[in-house]
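No lab work stands behind these numbers, since they all come straight from the coordinates. Keep in mind that this is a model prediction, so the values were computed, not measured.
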Amino acid sequence: MHSRLGLVAAAASVSAGLSLFVGPAMAHATEADSQFLSVVADLGLHFETPEEATEAGNNVCDIVAEGSVNNIGPAIIRGNIVDALLAQGVDAAAATQLMRGAVDAYCPEYDAVVAG
């Protein structure tokens with residue numbers, strides 16, 4: 001089960017396209033999208049489009065939810081997400097902030113899982 005979570009985390013971050021530019025604001029951005037895009041901008045991370053950035057944020061929540069439902073420990077969930085982001089060239093501090101920013105914006109019910 002742990003390897004599946006790791007693969008999901010890696011797939012989510014690879015699909016995010018972190019090395020590319022975030023374009024103009026989304027036409028139908030929600031408040032959560034705006035909150036997360038602000039975190040992305042503050043961290044200086046680049047996605048090809050705002051939609052890809054918000055998809056990546058939502059993927060983080062999917063990974064946290066899946067891990068929680070499958071009784072994966074919070075430290076393992078956090079580690080898998082951060083490791084996947086590190087593999088994409090994001091430094092450890094930014095990876096942690098991006099993960100927490102995604103949860104704060106899209107799934108605050110999981111704040112305790114990523115707070116460690």
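The table that follows gives values for the structure above.
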quantity	calculated
Amide H contacts under 5 Å for Thr49, placed H, 5+ residues apart	Gly23
Computed over segment 28-116, the ratio Rg/Rh where both radii use C-alpha atoms and Rh is Kirkwood	0.94
Stretchable slack from Ala92 to Val69, in nm (0.36 nm times residue separation minus alpha-carbon distance)	5.7 nm
